[in-house]
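Below you'll find the structure, written out as structure tokens, and then a few comments.
The values are calculated or read from the model by the stated rules, or taken from the named source; none is laboratory data. Keep in mind that this is a model prediction, so the values were computed, not measured. Quick reminder, even Gly has a Cβ in these numbers, built from the backbone with ideal geometry, and neighbours come from all protein chains shown.
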Amino acid sequence: MTEARDNKTFEAKVSNLIATTRHLEVPHILMLRRLTLSDPESLKWANERQLNVVFNVLVTKALERMDKTALIAARDGDYKTLVMPGKPEAQAEDLRVVNAIATQMIGPKPKPAAIEAEHGNSLAKLLSLSPTAPGEKVSRTVCKPKEPPPLFAAQLGPDSERMMPSANSRSVEGSEERPFSDFKTLFDDTLSAYSRNILALFSIQGAIKGGRPPFPLAPEFGRCYEEVLRRYVLPPMHASRHIQQLGMSYNWAEVGGAKLIDIIGSGDHNNPVLHNWDTRWGAMRAPKGKKPKPEENPWPLFREDATNGNYDPPTEEHLQLLQDFIRFEVEAIAKAWREISQLYEQEFAPSGRQEQAREGAFRDGLMRWSAKLPDHVGEFLAIKSYFMFPNINGNFIRRLLTNFGRTDSERYRQAPFLAGFAQTVPE
């Protein structure tokens, strides 16, 4: 039983390494190899021989991705361009590894004497030749690159997947493009900008009615949320080994923040960003009977901003929502709001060219998107409609709420924000 568990741990760790190094260049893989072999935690799930085998495969795949001309040029320079700075013994070990693998692929570096002799013989031969008709073409045999062991080959996926970025990459719209300085700055700016874009979709900028909205809809909350991210959430994430490894996994000056958003959107399984993100938000749940640590207590800041902005502040019971904002998709929510706005116009204020929509089309659109989108997003769009559209009043909100359950308790359970808001708005 223990052996089976150890095998699963080994395979999971190897999968994580493969995912981390999929687009990594040789110098960065060699640096990651140094860090992994020197980390006592790594030896808990694999011995040194197993780690060497794993990294030999990863280095091999990275060398195969290189242009052959560039690889030969690196060989001519004794592969020093493929090794990052460090202690002499660490650099020597990196050179040994890359030289052993590359030699099998392109052969050893020719000796200078052999090159001169070869050039001299070739020149003499050329001078002695008279023009002749070209000989018959000889077909070239193309050697297939060596495949890694089955486990790694299966996990790496086909070559097209390994070499091309995911088709699901999503850019951070509305964020300022700044020259790349370092991974930490890029990481913080990207996650802050993406969260800002999500909250901007809920924000009731230019509201035509008054009232006390729940926190995601308050224009002031976006700034407060970003301050919490930069003070309480993001700085401790950089101490994580997984985030540090991620920082060495790509050429971030080239791939930019869009790659981070792509990683976040790839799901929760073995996701270093989401794992550490959730850990930081989880630390803000105060232990019972104990005073929270200052670095894990953003609640006074939230309450103060809510008082100044006249909105309902988040509490510990909203932790799941606070950490899920980054999982929401900007495109899906933006599309939902566009359709809901169009349905409102068609039902309540059609233009001369529009055919009036049937009664209840706007309500049905809200309910349809509430079912499609993550928990609570439909509620926020319904409440936003109240603040932004003149024909949506308290009565409409209360009638809409009845679609979420037959009893008050069921409605509170299914739509807590909408149920709470319905009690505060006038007729």
Those residues of the stretch 262-292 which are farther than 22 Å from Pro236 by Cβ and free of Cβ contacts under 8 Å to residues at least 40 places away in the same chain amount to Gly267, His269, Lys288, Gly289
Reported set for the stretch 13-70 where residues are more than 22 Å from the chain's Cα centre (by Cα), under 21 Å from Pro85 (Cβ atoms), among the hydrophobic types (A, V, I, L, M, F, W, C) and outside any helix (DSSP H, G or I) is Met66
Out of (1) surrounded by 14 or more Cβ atoms within 10 Å (Cβ to Cβ); (2) modelled with pLDDT under 95; (3) part of a helix (DSSP H, G or I); (4) of a type in the set (A, V, I, L, M, F, W, C), the one Val425 does not meet is (3)
Picked from the stretch 27-52 (must be among the polar types (S, T, N, Q) and in contact with a Ser or Thr (Cβ under 8 Å, 6 or more places away or on another chain)), the residue nearest to Ile243 (Cα to Cα) is Thr36
If we keep only residues of the stretch 298-314 that are in a helix (DSSP H, G or I) and acidic (Asp, Glu), then the residue surrounded by the fewest Cβ atoms within 10 Å (Cβ to Cβ) is Glu304
Condition met for Arg285 (part of a helix (DSSP H, G or I) and either under 17 Å from Glu226 (Cβ atoms) or out of contact with any Cys (no Cβ under 6 Å at 6 or more places or on another chain) (or both)): no
From the option list Glu339, Glu317, Glu295, single residue qualifying as touching a residue at least 12 places away in the same chain (Cβ under 8 Å), within 32 Å of the chain's Cα centre (by Cα), assigned to a helix (DSSP H, G or I) and over 18 Å from Glu227 (Cα atoms) is Glu339
With respect to Leu400, is the statement that it is under 30 Å from Cys224 (Cα atoms), crowded, with 19+ Cβ neighbours inside 10 Å, outside the structural domain of Val273 (by TED's automatic domain parsing) and not small (Gly, Ala, Ser) true? no
Those residues of the stretch 59-88 which are touching a Lys or Arg at 6+ places or on another chain (Cβ under 8 Å) and touching a residue at least 40 places away in the same chain (Cβ under 8 Å) amount to Val59, Thr60, Lys61, Arg65, Gly86
Going through the stretch 317-351 in order, the residues found to be farther than 30 Å from Val233 by Cα, crowded, with 17+ Cβ neighbours inside 10 Å and either outside the structural domain of Lys372 (by TED's automatic domain parsing) or not hydroxyl-bearing (Ser, Thr, Tyr) (or both) are Ile340, Leu343, Gln346, Glu347
Glu379 fails exactly one of (1) buried (at least 20 other Cβ atoms within 10 Å of the Cβ); (2) of a type in the set (Asp, Glu); (3) free of Cβ contacts under 8 Å to residues at least 12 places away in the same chain, namely (3)
Conditions (1) within 20 Å of Ile204 (Cα to Cα); (2) assigned to a loop (DSSP other than H, G, I, E, B); (3) not aromatic (Phe, Trp, Tyr) -> Gln356 fails only (1)
Those residues of the stretch 267-298 that are small (Gly, Ala, Ser), touching a helix residue (DSSP H, G or I) at 6+ places or on another chain (Cβ under 9 Å) and at pLDDT below 90 come to a total of 2
Scan the stretch 43-51 and give yes if some residue there is charged (D, E, K, R) and crowded, with 19+ Cβ neighbours inside 10 Å, otherwise no.
no
Within the stretch 382-393, restricting to residues that are assigned to a loop (DSSP other than H, G, I, E, B) and of a type in the set (S, T, N, Q), the one that is surrounded by the fewest Cβ atoms within 10 Å (Cβ to Cβ) is Asn391
